[in-house]
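The values are calculated or read from the model by the stated rules, or taken from the named source; none is laboratory data. Bear in mind that the values here come from a model prediction, so they are computed numbers and not experimental data. Using ideal geometry, Cβ is built from the backbone for each residue, glycine included, and neighbour counts are taken over all protein chains shown.
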């Protein structure tokens, strides 16, 4: 998938970086590969709940600039790759989201690989050596194509079978910051789609389902 986007400074690197992070994992079909349990999205055009976690649970998303990289990439994919984003929350070291695309495997793989490269570029530019050192150390031994690894492998995807499951997962997503004691109400968390569902303006467009 070639990516060009002057507005968000997303250059044609999504294709280049597709190999930089694992293709997303998913529900129900389990495989053994390189000694790890992995999953494959079996219905790539259906909505799934997914999680992306930073290696060693490092607090990468305490910086607004790193969160903006995620939002810009999602927004680009909504406009150009057929992504439908139904909900999300970004916490300091991981994110949950519900999304659908014509080829969800490809969309999520592109999302992880592109955001990994841009976030690492930002950390290098800001000389965030403590986190970079940990990402360098955490890189899996079999990874010879990179110096760092940002994301843990897989996305632990769950297929959204019906409206009930969709609502349950949206509630789970939006209540994460509340359960952690960060805010009193879900819509008070800036990096979440909870404000959209409360009828308030958010940071990114959320698609109807």
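Evaluate segment 89-103: report whether one residue or more is out of contact with any helix residue (DSSP H, G or I) (no Cβ under 9 Å at 6 or more places or on another chain), more than 24 Å from residue 168 (Cβ to Cβ) and not in a helix (DSSP H, G or I). The answer is yes; a qualifying residue exists. The number of residues in segment 129-144 being under 30 Å from residue 98 (Cβ atoms) and either at pLDDT 90 or above or not in a helix (DSSP H, G or I) (or both) comes to 6. Of the residues screened, residue 112 is one that is touching a strand residue (DSSP E or B) at 6+ places or on another chain (Cβ under 7 Å), part of a helix (DSSP H, G or I) and touching a residue at least 24 places away in the same chain (Cβ under 8 Å).
Taking the criterion of being in contact (Cβ under 8 Å) with a residue 60 or more places away in the chain, over 23 Å from residue 45 (Cβ atoms) and part of a loop (DSSP other than H, G, I, E, B), the residues of segment 183-209 that qualify are 189, 191, 203.
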